[in-house]
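Participant: Quick one: the structure is below, and I'll ask about it shortly.
Each value in this text was obtained by applying a stated rule to the coordinates, not by laboratory testing. If you're wondering where the values come from, they're calculated on a predicted model, not measured in any experiment. Here the Cβ is made from the backbone with ideal geometry for all residues, glycine too, and neighbour counts use every protein chain on show.
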Amino acid sequence: MTPAESRARVLGFLRARRTPLAVVEDEDERSARLLETGSGKALSLRWEALAHVEERTTREHPQPYLVLVFQDGRQLALADVGFAFAPATHNSGALPELPQTLCFRDFATLTQGVSALVGQEGRAPEAVRGLLAAIALVDGARASGFEVGNEERILEGLLARLEERGGGSLAT
């Protein structure tokens, strides 16, 4: 796929669909910056870095989404939820209940849930599972090319609260 074809598919998809993504193209038309309005997350994208761009739907997700496959092997999707990406479980361990794709909205949901569970007696195991899922999400976002320093600080704060309450270790 040529850079011009990649550019046309990405820009065409974003113009034709309602997503929380905005695009600002560089003057030279060789790259663009994608911004997810809800989370403030941004991704710089060079058209030549894309190996393949494909619109897809699935039974589980009937709304069209656009899969971006990068030359370096990274993948992510542009969808009705914004950026979507696979979790990475190298730090969290296997989490069978984790979906194949996550988004930054999921991070907010997970961390709010963990925060609520930390304050409840006897709910530490559930809080740990939620924290591990959030770690997998952040690791997946980082592997997809996103800056995740703020999310890491949030996770560190939740982990500190869990440890203060005697929540034990993250080993499950």
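Participant: Could you size up the charge dipole of segment 102-164 around its Cα centre, putting +1 on the beta carbon of Lys and Arg and -1 on that of Asp and Glu, and report it in debye to the nearest 20? Before the final figure, lay out the partial values.
Facilitator: Working: 6 positive and 10 negative charges, 31 e Å.
About 160 debye.
Participant: Could you tell me which label, among (1) -0.42, -1.27, -1.38; (2) -0.43, -1.09, -1.18; (3) -0.50, -1.24, -1.30, carries the value of log10 I(q)/I(0) by the Debye sum over Cα atoms at q = 0.10, 0.18, 0.19 Å⁻¹ calculated for this structure?
Facilitator: (2)
Participant: Students often get this wrong: which residues of segment 140-164 have the backbone nitrogen under 13 Å from the point 7 angstrom along Cα-to-C-beta of A124?
Facilitator: In segment 140-164, the label zone of A124 (backbone N under 13 Å from the point 7 Å along Cα→Cβ) covers 160-164.
Participant: If you don't mind, there's one more thing I want to ask. Which GluC sites (Glu not before Pro) from segment 52-90 combine a DSSP loop assignment with at most 15 other Cβ atoms within 10 Å? Could you put the intermediate results ahead of the total?
Facilitator: Details: sites: E54, E55, E60; in loops: E60.
Sites meeting the loop and neighbour criteria: E60.
Participant: For segment 133-163 and segment 1-61, compute the distance between their C-alpha centroids and round to whole Å.
Facilitator: Cα centroid to Cα centroid, the span is 25 Å.
Participant: Using the Karplus curve 6.51 cos²θ - 1.76 cosθ + 1.60 with θ = phi - 60°, what ³J(HN,Hα) values do you get for each residue of segment 117-127, in whole Hz, with x for Gly and Pro?
Facilitator: 5, 4, x, 9, 4, x, 9, 4, x, 5, 5
Participant: Using the alpha-carbon atoms, what tilt in degrees (0 to 90, nearest 10) does helix 149-164 show relative to the longest principal axis of the chain?
Facilitator: 10
Participant: Follow-up question, since we're still on this one. How large is the charge dipole for the chain, taken about the Cα centre, if only the Cβ atoms of Lys, Arg (+1) and Asp, Glu (-1) carry charge, to the nearest 20 debye? Working shown, then result.
Facilitator: Details: 19 positive and 24 negative charges, 68 e Å.
Rounded to the nearest 20 debye, it is 320 debye.
Participant: Now a separate question. In sequence order, what are the phi-derived ³J(HN,Hα) couplings for segment 57-66 according to the Karplus relation 6.51 cos²θ - 1.76 cosθ + 1.60 with θ = phi - 60°, rounded to whole Hz, with x for glycine and proline?
Facilitator: Calculated HN-Hα couplings, in order: 9, 9, 4, 6, 9, x, 5, x, 9, 10 Hz.
Participant: While we're looking at this one, here's another question. Run through segment 76-111 and list the chymotrypsin sites (Phe, Trp or Tyr not before Pro) located in a DSSP loop whose Cβ has at most 14 other Cβ atoms within 10 Å. Spell out each step's value before the answer.
Facilitator: On the way: sites: F83, F85, F104, F107; in loops: none.
Sparse-neighbourhood loop chymotrypsin sites (Phe, Trp or Tyr not before Pro): none present.
Participant: Using only helices, what value at 222 nm comes out for the chain when you add -39,500 (n - 2.57) per DSSP H run of length 4 or more and divide by the total residues, to the nearest 500 deg cm²/dmol?
Facilitator: Values: 4 runs with 65 residues, N = 172.
Estimated from H runs of four or more residues: -12500 deg cm²/dmol.
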